[in-house]
Amino acid sequence: MLELLIGAAYAGPPEMIPMEALEIVGHPAPQFQLPLRDGGTFDLGAQKGKVVVMSFWASWCGPCRAELPAMTELAKTRTDVTWIAVNVDRQRADAEKFLKAVNVGLPIALDNDSSALGDYMVMSMPTSFVVAPDGTVAYKKIGYSAEKGFTELITAIDGAKAR
């Protein structure tokens, strides 16, 4: 037994996942179909040929309380883009309580089993993505700053449209 422990101690450091394996930008967007809060289904694959902005959020996320209303206002000026807010709460009631308190005018997709969350390797809320018309992920942003607003997001949208 002691030999096993000593051998394990000299096995070297554990292998880590290379950072580039976690990078989704520039790769095909993972496809998903999620139920919409108001009925129907959001099918990312059906959006091919369009720019799509997705924001992953949760009811417990403080910055989401500021980002989603601001994103709603931006969406009103960018009707050339498909917008979707992906809620990752396990219980729909948590999302509904949040939505009663926060003005969100975006379509809400429900990812209560975290399947899309996992496919997009989302580690923090909010996290936003831009998917280009060719179906590749063009941009990823973690967090939200009211001071910085959506300058980077708008640039990414325009860049994705130009592809």
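Can you pull out the residues in region 44-67 that are out of contact with any Ser or Thr (no Cβ under 9 Å at 6 or more places or on another chain) and either buried (at least 23 other Cβ atoms within 10 Å of the Cβ) or on the phi > 0 side of the Ramachandran plot (or both)?
Answer for region 44-67, where residues must be out of contact with any Ser or Thr (no Cβ under 9 Å at 6 or more places or on another chain) and either buried (at least 23 other Cβ atoms within 10 Å of the Cβ) or on the phi > 0 side of the Ramachandran plot (or both): just Gly49.
Which ones in region 102-132 are under 18 Å from Glu67 (Cβ atoms), out of contact with any helix residue (DSSP H, G or I) (no Cβ under 8 Å at 6 or more places or on another chain) and surrounded by fewer than 16 Cβ atoms within 10 Å (Cβ to Cβ)?
Within region 102-132, Met123, Ser124 meet the criteria.
Against the definition (at positive phi and either modelled with pLDDT of 95 or more or touching a Leu at 6+ places or on another chain (Cβ under 7 Å) (or both)), how does Ser114 come out, yes or no?
On the way: at positive phi: yes; either modelled with pLDDT of 95 or more or touching a Leu at 6+ places or on another chain (Cβ under 7 Å) (or both): yes.
Considered against the rule, which asks whether it is at positive phi and either modelled with pLDDT of 95 or more or touching a Leu at 6+ places or on another chain (Cβ under 7 Å) (or both), Ser114 comes out as yes.
Pairs please, first residue from region 86-99 and more than 16 Å from Glu67 (Cα to Cα), second anywhere and of a type in the set (A, V, I, L, M) and part of a helix (DSSP H, G or I), Cβ atoms under 8 Å, 6+ apart in sequence or on different chains.
Hits for this filter: Asp89/Ala95.
If you go through region 153-160 one residue at a time, do you hit one that is of a type in the set (Asp, Glu), over 12 Å from Ala29 (Cα atoms) and crowded, with 21+ Cβ neighbours inside 10 Å? Can you show your working first?
First, the residues of region 153-160 that are of a type in the set (Asp, Glu): 158.
Next, from what is left, pick out any that are over 12 Å from Ala29 (Cα atoms): 158.
Restricting the remaining residues to those that are crowded, with 21+ Cβ neighbours inside 10 Å gives none.
Scanning region 153-160, I find no residue that is of a type in the set (Asp, Glu), over 12 Å from Ala29 (Cα atoms) and crowded, with 21+ Cβ neighbours inside 10 Å, so the answer is no.
Out of region 25-35, which residues are part of a loop (DSSP other than H, G, I, E, B) and of a type outside the set (S, T, N, Q)?
Restricting attention to region 25-35, the residues satisfying the condition of being part of a loop (DSSP other than H, G, I, E, B) are 25-27, 29-32.
Result: Val25, Gly26, His27, Ala29, Pro30, Phe32.
Restricting to region 69-102, name every residue that is in contact with a Gly (Cβ under 9 Å, 6 or more places away or on another chain), of a type outside the set (Gly, Ala, Ser) and more than 19 Å from Ala132 (Cβ to Cβ).
Of everything in region 69-102, those that are in contact with a Gly (Cβ under 9 Å, 6 or more places away or on another chain), of a type outside the set (Gly, Ala, Ser) and more than 19 Å from Ala132 (Cβ to Cβ) turn out to be Pro69, Thr72, Glu73, Lys76.
Given the conditions (1) touching an Asp or Glu at 6+ places or on another chain (Cβ under 8 Å); (2) closer than 23 Å to Ile157 by Cα; (3) of a type in the set (A, V, I, L, M, F, W, C), which single one is not true for Val88?
Of everything listed in (1) touching an Asp or Glu at 6+ places or on another chain (Cβ under 8 Å); (2) closer than 23 Å to Ile157 by Cα; (3) of a type in the set (A, V, I, L, M, F, W, C), Val88 misses just condition (2).
Quick one: is Asp38 over 16 Å from the mean Cα position of the chain (by Cα), assigned to a loop (DSSP other than H, G, I, E, B) and of a type in the set (D, E, K, R)? Spell out how you get there, then give the answer.
Details: over 16 Å from the mean Cα position of the chain (by Cα): yes; assigned to a loop (DSSP other than H, G, I, E, B): yes; of a type in the set (D, E, K, R): yes.
It is true that Asp38 is over 16 Å from the mean Cα position of the chain (by Cα), assigned to a loop (DSSP other than H, G, I, E, B) and of a type in the set (D, E, K, R).
Do you know which residues across region 145-163 are in contact with a strand residue (DSSP E or B) (Cβ under 8 Å, 6 or more places away or on another chain), under 19 Å from Glu67 (Cβ atoms) and touching a residue at least 60 places away in the same chain (Cβ under 8 Å)?
First, pick out the residues of region 145-163 that are in contact with a strand residue (DSSP E or B) (Cβ under 8 Å, 6 or more places away or on another chain): 152-153, 156-157, 159-161, 163.
Still in the running and under 19 Å from Glu67 (Cβ atoms): 152-153, 156-157.
Leu153, Ile157, listed by residue number.
Among the residues of region 45-77, which ones are among the basic types (Lys, Arg) and closer than 23 Å to Gln31 by Cα? First the steps, then the outcome.
Narrowing region 45-77 to residues among the basic types (Lys, Arg): 48, 50, 65, 76.
Those that are among the basic types (Lys, Arg) and closer than 23 Å to Gln31 by Cα: Lys48, Lys50.
The values are calculated or read from the model by the stated rules, or taken from the named source; none is laboratory data. Because the structure is a prediction, the values reported are computed rather than measured. Every residue, glycine as well, gets a Cβ built from its backbone with ideal geometry; the counts of neighbours run over all protein chains shown.
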